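Accompanying notes for the structure given below.
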Amino acid sequence: MGREAYWYAAIPYTDAGDKEHLMDGLRKAGIPDWLGLTRQQKFFGPLPEIEMASFPVQGGCHCGAVRYTLLAPALSVQHCHCSQCRKGYGVLAAQGAVVERSSLKIEGERDLTTYRKSPGYSTQFCKTCGCPLFAYEDSEARLMYFMPATLDGGVHPGHPADKEVHIYVGSSAEWERISDDLPKYEANCPDEIVTQIQRKPKP
Ligand SMILES: [Zn+2]
Ligand SMILES: [Zn+2]
């Protein structure tokens, strides 16, 4: 499959008309019909084999004041290209991993600074070295985000291959080049795992 196919596969469809549009795109890109059209993940194609870490894994900030243990694999990872992440983290794209709050144990919490980035959303940085580590949505008591690039040794955060996407590609800096074949969304991506968890009754 070529790059074009991945792009089409990343377009979410919500009704029959959208599905027809998607099918048309897939046909033009040379995707055979037998691949089926029930779930977009089927079109992502083969991904490189990545050796998964065995859990728990450790991570932390640059200076070592804040450390954390990730007890279970991340649920999903987003590479966000929005202007908020550029200013908030000083990068062209910020990687955020979604995890259950109970899956992440933090040591050195008093060394964290909390910054309210927007109403209902806050991020946490190391007071000393400024490394961004965690983020929380007020509306979501069960889940949180962490910056998976801060895992020790660059280990894989353990998320399923089809739960890694680029979001807000439509807002990316004009000189950014995205060179992988992950699905790309112009704005946000409906994260099925998160949605399912959010539907569960709160404890
Ligand atoms: Zn630090
Ligand atoms: Zn962002």
request  = From zero up to wherever the largest Cα-Cα distance of segment 61-115 sits, split into 10 Å bins and tell me the percent of pairs in each.
outcome  = 21, 39, 40, 0
ask   = Hey, what D do you get for segment 57-199 in µm²/s if you plug the Kirkwood alpha-carbon radius into Stokes-Einstein at 20 °C and 1.002 mPa s?
value = 138
message = If amide hydrogens are placed 1.01 Å from N in the peptide plane, which non-local residues have theirs closer than 5 Å to the one on Leu112?
response = Lys127
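The numbers here are math on the coordinates, done by the rules we state, and not lab data. Source: prediction; values computed, not measured.
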